[in-house]
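Undergrad: Dropping the structure in here first, questions after.
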Amino acid sequence: MSERVEIRFPHKTVEVPVFVGTEGEKAIDVSNLRAESGYITLDPGFVNTGSCASDITFIDGEKGILRYRGIPIEVLAGKSTFLETAFLLIYGHLPTITELAEFTNRIRRHTMLHEDIKAFFSGFPRDAHPMAILSSVVCSLSTFYQNENRPENELMELNTVRLLAKLPTIAAYSYKKSIGQPFVYPDNSREYCENFLHMMFSVPSEEYHVDPDHIDALNLLLILHADHEQNCSTSTVRLVRSSMGNLFACIAAGICALWGPRHGGANQEVIEMLEHMRAEGGNVKKYIELAKDKNSKFRLMGFGHRVYKNFDPRAKIIKGACDKLLNKLKRHDPLLDLAKELEEAALQDAYFVDKKLYPNVDFYSGIIYKAMGIPVPAFTVMFALGRLPGWLAHAREYTHDPKNKIGRPRQIYTGEMQRDYIPIEKRG
Ligand SMILES: CC(C)(COP(=O)(O)OP(=O)(O)OC[C@H]1O[C@@H](n2cnc3c(N)ncnc32)[C@H](O)[C@@H]1OP(=O)(O)O)[C@@H](O)C(=O)NCCC(=O)NCCS
């Protein structure tokens, strides 16, 4: 018989079922608790609340484990490509040679944007944040693909491919817009990451050779960002999908959620923090003290994680990749030295040790992006390109779940109790 636990209330005891995951994680299923006891559970920030059961990604934050569909992130980082990892996340298994070729070819055939979309770009101010452009243009794709008379499954499939194919083009166009260069059309003879770098950095008047080390580094970073179970942006995507929102609207909402500095926006903030520190003389100790000071709003960006209470396994891989890329490019970045110094100082400080605050995925990724020539405001866009397969996989999983329900949390009201309406002339 499956496990059950008793919850004792002043007026009665209620027995609730325990849900057990494949890795032995346990959850108390409270879905009938209110009906049976009159109580709801309260958990601001969903610190201890599972919003769903999911087959996609497993994280053990205490041990620093991350697996996509059962495969450790370290293995995928060493052996896979971004599109293969995307296939794995979305369809649940590693593709055969034929499946991967078909998937890749379908994506290749959808990389262009409708020519009218270019007009959207000219409407944005030159200094618009690229995340704002990305989410707006992704949402506007729904206006180009509406009223399509296809079965729901077929539409989900097609829009999945469209999004994977077009996001790099939109991202590259938003960069070109910001620097006033002409848009570079996708070149479908190129592989996914190479094509993106080509659209970002080539100009029609000159030949451009994409550095293979940059392609490898980008491929790695996109794999590492591809999914991270029920984070803020993924939960947003699932929530929008739960109202039966269209896939473009779901992904646009995910992009907006990712933008904030507590989530994907942290990679931009890390570099800005390191640059600021360097400009001020590189006094690491001062910033460690500032991060500990409860009267200051300053936090060590790229440090800490809701789930990881140990090293973020992605941060370890990125740190290694960062060293490797800079060595290969024979480039020295003083920000990397500063980041390492900061990490060392934080990991020896009782505040960070006691609170289990370790470097997260964003701590070193910006240094690689910088070495590749990606402008700092576009760092979070790179995160979005990587996270897209995860968002798509979760939207799909939600859609195919026969028990899915609209996401609608409850609350405990703490405002005024019923009171009288006082006519305006009588208000004091
Ligand atoms: C990621 C993050 C939002 C997680 O938040 P959370 O799980 O809600 O944890 P909290 O914000 O409650 O932090 C727990 C404690 O550690 C402290 N803390 C967390 N991250 C910190 C940081 N980067 N620098 C200094 N102190 C930090 C908090 O002040 C809090 O201290 P308290 O218990 O004395 O109040 C948080 O660690 C953070 O803001 N990090 C910096 C931004 C970042 O790198 N985000 C990218 C995540 S991949």
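The values are calculated or read from the model by the stated rules, or taken from the named source; none is laboratory data. Since we're looking at a predicted model, the values are computed, not measured. Ideal geometry is used to build each Cβ from the backbone, glycine not excepted, and the neighbour counts take in all protein chains shown. Only protein heavy atoms, including side chains, enter the accessible area calculation; ligands, DNA and RNA are left aside. Shrake-Rupley method; radii C 1.70, N 1.55, O 1.52, S 1.80 Å.
Undergrad: Just checking, how many residues over region 83-97 are open to solvent by 20 Å² or more (accessible area, probe 1.4 Å) and hydrophobic (A, V, I, L, M, F, W, C)?
TA: Matching residues across region 83-97 total 2.
Undergrad: Taking the stated definitions as given, is residue 111 among the hydroxyl-bearing types (Ser, Thr, Tyr), in contact with a Gly (Cβ under 9 Å, 6 or more places away or on another chain), open to solvent by less than 80 Å² (accessible area, probe 1.4 Å) and at pLDDT 95 or above?
TA: Spelling it out, it is not the case that residue 111 is among the hydroxyl-bearing types (Ser, Thr, Tyr), in contact with a Gly (Cβ under 9 Å, 6 or more places away or on another chain), open to solvent by less than 80 Å² (accessible area, probe 1.4 Å) and at pLDDT 95 or above.
Undergrad: Quick one: would you say residue 46 is within 16 Å of the ligand (Cβ to nearest atom) and either more than 30 Å from residue 14 (Cα to Cα) or in contact (Cβ under 8 Å) with a residue 40 or more places away in the chain (or both)? Outline the logic, then answer.
TA: Numbers: within 16 Å of the ligand (Cβ to nearest atom): yes; either more than 30 Å from residue 14 (Cα to Cα) or in contact (Cβ under 8 Å) with a residue 40 or more places away in the chain (or both): yes.
Answer is yes for this residue.
Undergrad: All but one of (1) among the β-branched types (Val, Ile, Thr); (2) assigned to a helix (DSSP H, G or I); (3) under 21 Å from residue 272 (Cβ atoms); (4) away from the ligand (no atom under 16 Å from the Cβ) hold for residue 380, so report the exception by its number.
TA: (4)
Undergrad: If you go through region 49-78 one residue at a time, how many are hydroxyl-bearing (Ser, Thr, Tyr), within 16 Å of the ligand (Cβ to nearest atom) and either open to solvent by less than 40 Å² (accessible area, probe 1.4 Å) or not in a loop (DSSP other than H, G, I, E, B) (or both)?
TA: 1
Undergrad: So, in region 278-296, of the ones that are more than 14 Å from the ligand (Cβ to nearest atom) and among the small types (Gly, Ala, Ser), which residue ends up least open to solvent (accessible area, probe 1.4 Å)?
TA: Among them, the one singled out is 282.
Undergrad: Among the listed residues 299, 331, identify the single one that is at pLDDT below 90 and either near the ligand (Cβ under 9 Å from one of its atoms) or exposed (fewer than 14 other Cβ atoms within 10 Å of the Cβ) (or both).
TA: Being at pLDDT below 90 and either near the ligand (Cβ under 9 Å from one of its atoms) or exposed (fewer than 14 other Cβ atoms within 10 Å of the Cβ) (or both) holds for just one of 299, 331, which is 331.
Undergrad: Six or more apart or on different chains, Cβ atoms under 8 Å: show the pairs whose first residue is in region 389-400 and free of Cβ contacts under 8 Å to residues at least 24 places away in the same chain and within 18 Å of residue 107 (Cα to Cα) and whose second is in a helix (DSSP H, G or I) and open to solvent by 10 Å² or more (accessible area, probe 1.4 Å).
TA: none
Undergrad: Write out, first by first residue and then by second, each pair whose Cβ atoms fall under 7 Å of each other, whose residues are 6+ apart or on separate chains, and whose first residue, in region 204-233, is free of Cβ contacts under 8 Å to residues at least 40 places away in the same chain while the second is of a type in the set (S, T, N, Q).
TA: Within 7 Å, the pairs are 208/202.
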